[in-house]
Amino acid sequence: MSGDRREWPLYEVFVRGKRGLNHVHVGSLHAPDDAMALRHARDVYTRRNEGVSIWVVRADAITASSPDEKDPLFAPSGDKVYRHPTFYEIPDDVPHM
Amino acid sequence: MTTIPAEPDLEARLQAGFDATIARRDRIEPRDWMPDAYRKTLVRQIAQHAHSEIIGMQPEGNWIGRAPSLRRKAILLAKVQDEAGHGLYLYSACETLGVSRAELTGLLLSGRQKYSSIFNYPTLSYADVGTIGWLVDGAAICNQVPLCRTSYGPYGRAMIRICKEESFHQRQGYELLMTMMRGTDEQRAMVQESVDRFWWPSLMMFGPPDANSPNSERSMAWGIKRNSNDELRQKFVDMTVPQADALGVTLPDPGLRWNEERGHYDFGEPDWRELAAVIRGDGPCNAQRLAHRRAAHDDGAWVREAATAFAEREGAR
Ligand SMILES: [Fe+2]
Ligand SMILES: [Fe+2]
């Protein structure tokens, strides 16, 4: 088969669902360049008004923590339960908390 | 003196971590360690699923140019475009397991990987567009809803997106059939004839009976599958019978009746030799479907080449 000289790079796609929300990762796709990646992302991931803004990022430009680093990287938050609202006991009759 | 216990070997520790994640019904993510057999099973299942979405565009695509109104044509175009999207979500999920898109495309085009048997049946009348939406997408929904909770993260997330879109597929099909059933005797006969052809192949979409499905048990232990083939088939029958009544069509199974004791419908046995033959490549449209897919791939080669050349030129500036 001709035309597959080399595979197009992989892009990760992030969509802002509506104003006020963060962009969220929705999936990935292949495209020859950034502009085409954005066009494809629009067709593949937002056919039903799923978003008001799209980011595409080449997958090879992303730096990620690996599962092996998981413990040292995420452990500190594990013992800081006081960062979570459920840590605090509030009487039931206090409204709007 | 106490002896220092030997460090348990790495593979066993990784396996234990994987097993614990599965036991918690938590998700496995792409960068996690996973057993080779788990990875292979997933690649095969997700790839076949992706191929099914892509090949599945053909039977309905057959009627886009002949849809009876602009409204029906726009609906059908949107539906077929969705199926392309489903294929792309699933190819992406599959690639997170370390296979490339080119490899997957090659496996489909060379016939080394399969797609759902249902797409090897022809669409002989326009009523088939409605029947496919109702029964084939309906059966797909039964299969896919539990897969939203599958143990492999990217697969489950793709299934969630797909399931959101499938209910449009089923409803447009059912509505199409309802419209025809309100029409002339000839139109009602078309609907019945179409349902007669698609009923049994739809039941076969759930795969062979559990007793005959050797890999099912392992897939369920791994949380890849959440329900057995027979469970899902029963669920589909139970859902569909009242829909058929409301529509006014007869499902072509003399053995179909409510079983008070079981709380389910009893139904006849599909022809498993027919399913085996279609999977083997001897269905009515196997050759045509693959030939069409190969031609589309080859016809698109110049577009891929042009886009690559353009990207290279722009990149060189
Ligand atoms: Fe689909
Ligand atoms: Fe569908």
Cβ-based charge dipole, segment B:11-81, positive-most Cα from B:T21, B:G61, B:A47: B:G61
Around B:H264, which amide H atoms from residues at least 5 apart in sequence, or from another chain, sit under 5 Å from its own amide H, with H modelled in the peptide plane? B:N259
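When Lys and Arg each count +1 and Asp and Glu each count -1, what net charge do the other residues less than 11 Å away from A:V57, Cβ to Cβ, add up to?
Net of charged neighbours comes to -2.
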Remind me, relative contact order of segment B:1-132 in percent, using alpha carbon pairs under 8 angstrom and six or more residues apart? 30 percent
To one decimal place, what Kirkwood hydrodynamic radius in Å is obtained for segment B:1-93 from all pairs of distinct Cα atoms? 17.1 Å
Using the Karplus curve 6.51 cos²θ - 1.76 cosθ + 1.60 with θ = phi - 60°, work out ³J(HN,Hα) for each residue of segment A:26-41 in order, rounded to whole Hz, and write x for Gly and Pro. 10, x, 9, 7, 9, 7, x, 8, 4, 5, 5, 4, 5, 4, 4, 4
If a paramagnetic tag sat 7 Å from the Cα of B:E231 along the Cα-Cβ line, which residues of segment B:158-184 would have the backbone N under 20 Å from that point? B:159-160, B:163
Calculated from backbone phi, Karplus (6.51, -1.76, 1.60) coupling profile of segment B:165-175 in Hz, x at Gly/Pro: 8, 5, 5, 4, 4, 5, 5, 5, x, 5, 5
Could you tell me which of rounded, prolate or oblate describes segment B:1-160, using a ≥ b ≥ c as the square roots of the eigenvalues of the alpha-carbon gyration tensor, with rounded for a/c under 1.5 and, failing that, prolate when a/b is larger than b/c and oblate otherwise? prolate
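When the dipole is taken about the Cα centre of the protein assembly as shown, and only Lys, Arg (+1) and Asp, Glu (-1) are charged at their Cβ, what size is it in debye, to the nearest 20?
1140 debye
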Can you compute the FRET efficiency between B:D26 and A:R58 using 1/(1 + (r/R0)^6), with r the Cβ-Cβ distance and R0 = 30 Å? Round to the nearest 0.05. 0.55
Which values, in whole Å and largest first, are the semi-axes of the equivalent ellipsoid of the protein assembly as shown obtained as the square root of 5 times each eigenvalue of the Cα gyration tensor? 39, 30, 24
If you take every residue apart from B:Q144 with its C-beta less than 10 Å away from the C-beta of B:Q144, what net charge results, scoring Lys and Arg +1 and Asp and Glu -1? -2
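Counting residues in segment B:196-269 as N, plug N into 2.2 N^0.38 Å and put the Cα Rg over that result.
Against the empirical 2.2 N^0.38 Å value, I get 1.22 for segment B:196-269.
Contact order normalised by length for chain B, with contacts defined as Cα pairs under 8 Å and 6 or more residues apart; what percent is it?
It comes to 18 percent, rounded to a whole number.
Indicate the gyration tensor shape class of chain B (rounded, prolate or oblate), computed on the Cα atoms with a ≥ b ≥ c the square roots of the eigenvalues: a/c under 1.5 is rounded; otherwise a/b larger than b/c is prolate and the rest oblate. Could the numbers behind the result be given before it?
Numbers: a/c = 2.25, a/b = 1.30, b/c = 1.73.
Oblate shape, in that a/c is at least 1.5 and b/c is the bigger or equal ratio.
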What are the GluC sites (Glu not before Pro) within segment B:156-262 that DSSP puts in a loop, where the Cβ has at most 13 other Cβ atoms within 10 Å? B:E260, B:E261
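Determine the relative contact order of segment B:53-211: mean sequence separation of Cα pairs under 8 Å and six or more apart, normalised by residue count, in whole percent. If you can, show how the numbers build up before the last one.
On the way: 146 pairs, mean separation 41.7, N = 159.
The normalised contact order for segment B:53-211 reaches 26 percent.
Mind ranking A:26-32, B:298-304, B:224-230 by how tightly packed they are, going by the mean number of other C-beta atoms within 10 angstrom, highest first?
On the way: A:26-32: 21.6, B:298-304: 12.0, B:224-230: 19.0.
Result, highest mean first: A:26-32, B:224-230, B:298-304.
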FRET efficiency, 1/(1 + (r/R0)^6) with R0 30 Å, evaluated for A:E7 and B:I160 via beta carbons: 0.65
Overall form of segment B:173-305 per C-alpha gyration tensor (a/c, 1.5; a/b vs b/c): oblate
Other protein chain Cβ atoms within 10 Å, averaged over every residue that makes up B:303-311: 5
Calculate the length of the line joining the C-alpha centroid of segment B:200-236 to that of segment B:241-302, in whole Å. 15 Å
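Quick note: the coordinates plus some simple rules give every number you see, no bench work behind them. Everything numeric here is computed off the predicted structure, so don't read it as measured data. Here the Cβ is made from the backbone with ideal geometry for all residues, glycine too, and neighbour counts use every protein chain on show.
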